1. Please go through the stretch 1-21 and pick out each residue that is free of Cβ contacts under 8 Å to residues at least 24 places away in the same chain and farther than 27 Å from Tyr339 by Cβ.
2. Only residues that are farther than 26 Å from Pro250 by Cβ and surrounded by fewer than 19 Cβ atoms within 10 Å (Cβ to Cβ): list them for the stretch 56-80, please.
3. Checking Ser107 against (1) outside any strand (DSSP E or B); (2) of a type outside the set (Lys, Arg); (3) more than 17 Å from the chain's Cα centre (by Cα); (4) not assigned by TED's automatic domain parsing to the domain that holds Gly206, which single condition isn't satisfied?
4. Within the stretch 329-341, identify whether any single residue is more than 26 Å from Tyr89 (Cα to Cα), at pLDDT 90 or above and over 21 Å from the mean Cα position of the chain (by Cα), and answer yes or no.
5. Taking the stretch 52-73, which residues are under 30 Å from Ile312 (Cα atoms) and either at pLDDT below 95 or touching a His at 6+ places or on another chain (Cβ under 6 Å) (or both)?
6. Could you check how many residues of the stretch 1-22 are surrounded by fewer than 17 Cβ atoms within 10 Å (Cβ to Cβ) and basic (Lys, Arg)?
7. Looking at the stretch 127-140, I want the residues that are β-branched (Val, Ile, Thr) and have a partner that is assigned to a helix (DSSP H, G or I) with Cβ atoms under 7 Å, at least 6 apart or on another chain. Which pairs are those?
Amino acid sequence: MNRPRIIADQNMPLVEAHFGHLGEVELMAGRDIDRHSIEGAEILLVRSVTQVNQSLLEGSSVRFVGSATAGTDHIDHDYLEKNDIQFAYAPGCNAEAVVQYVLSVFSCLKPTWQQSRVGIVGCGQVGGRLYQKLVALGVDCQVYDPFLNQSQIPDLVSFDQILDCDIITLHTPLTTEGQFPTHHMFNQQVLAQLKPNSLLINAGRGAVVNNKALINRLKQSDGLQVALDVWESEPEINAELLDLVSIATPHIAGYSTEGKIRGTSMLYEALYQTYLTGESQQQPSDLIIDKKVSLDTQGKDLNQLLLECYMIDVDDQRMRKTLKQGDIGQAFDRLRKTYPQRREYSQYRVSTAASMSKELKVLGYSIG
């Protein structure tokens, strides 16, 4: 019996360890996955850079599509359903990593964030987790999410009220239809209302912010700081905007080692639940995460510890340097492909005697 052909994005970790016993696994760059490359494939595993639609799949033998992402705006759900192609994704797989990205931005650009008013736009997997942690730390939070109510989130406010916050962080999917579309939600009019010296973070979807309007807003030079992990027209991002933002990263907010492995594992389990029969095999032994790293807290404040675990300024400097060395699009994708290992807070152990042990426990550090 022939083993099924499995095509997977090379930025997904441990695909062969998970899926190798099921078929012949072939890894390739997500943007190179096309009609020709998936010929004869039964299982397709992608990330957000691959547009999965009729143009890609028509006439193919693909019967299962898995996306190791929390968002699915790159997937044509209607086409998959009409053609009886099973689909699974990984909601929440990288939520913890994105939260930790945001906290590093706070620590780097707004060291007084614990005394600031933080506005969260979109309170799903990432925004909800961020909200819970900030509230537990005593931070003044406000949330805008038109799909929730006050019984679910006591700090729910109107969109106009969010714009008055000291820090605004965006965690919405990208939508163009319905009562509350998010495409260009932060347009010229909205950006004009942001307070001087405030901080705007977008680690959700690039087109939620109108990038051309953002360029004009940043040229006002009134102290507004912006951190962008996602950009319109990725990977061909706007070089002028890159020079104007305070922190620039290449769509890697969710790229923790644990988050990426979690995404692969969730698709593996979903494959058995929706497509294959029988129970999934036990996880391979080589998926075990390395031993925890001891973290010295002596003489350090919370911001220093957060930045020690994830030095976001290094990612920023690497991106600026790399994108000046040739083709922007190729450089952007190369940064994602070669992104170094980044561990989540749970992999760091601190002493129970640490002065900030309660705060660190809230954030997910291992205490003991």
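1. Looking only at the stretch 1-21, we keep the residues that are free of Cβ contacts under 8 Å to residues at least 24 places away in the same chain, and these are 1-3, 16, 20.
Within the stretch 1-21, Met1, Asn2, Arg3 meet the criteria.
2. Glu58, Gly59, Ser60, Ser61, Arg63, His77, Asp78, Tyr79
3. (4)
4. Within the stretch 329-341 (the criterion being more than 26 Å from Tyr89 (Cα to Cα), at pLDDT 90 or above and over 21 Å from the mean Cα position of the chain (by Cα)), the answer is no, since none of the residues qualifies.
5. Start the filter on the stretch 52-73 by keeping residues that are under 30 Å from Ile312 (Cα atoms), which leaves 66-73.
Result: Ala68, Thr69, Ala70, Gly71, Thr72, Asp73.
6. 1
7. Matching pairs, first to second residue: Val139/Gln114.
Residues checked against (1) closer than 21 Å to Val208 by Cα; (2) in the same structural domain as Phe332 (by TED's automatic domain parsing); (3) under 22 Å from the mean Cα position of the chain (by Cα):
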{"site": "Gln10", "(1), (2), (3)": "no, no, yes"}
{"site": "Glu16", "(1), (2), (3)": "no, no, no"}
{"site": "Arg31", "(1), (2), (3)": "no, no, yes"}
{"site": "Glu42", "(1), (2), (3)": "no, no, no"}
{"site": "Arg47", "(1), (2), (3)": "yes, no, yes"}
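The values are calculated or read from the model by the stated rules, or taken from the named source; none is laboratory data. Not measured: the values here are computed from a predicted model. Every residue, glycine among them, receives a Cβ derived from its backbone with ideal geometry; neighbour counts consider all protein chains shown.
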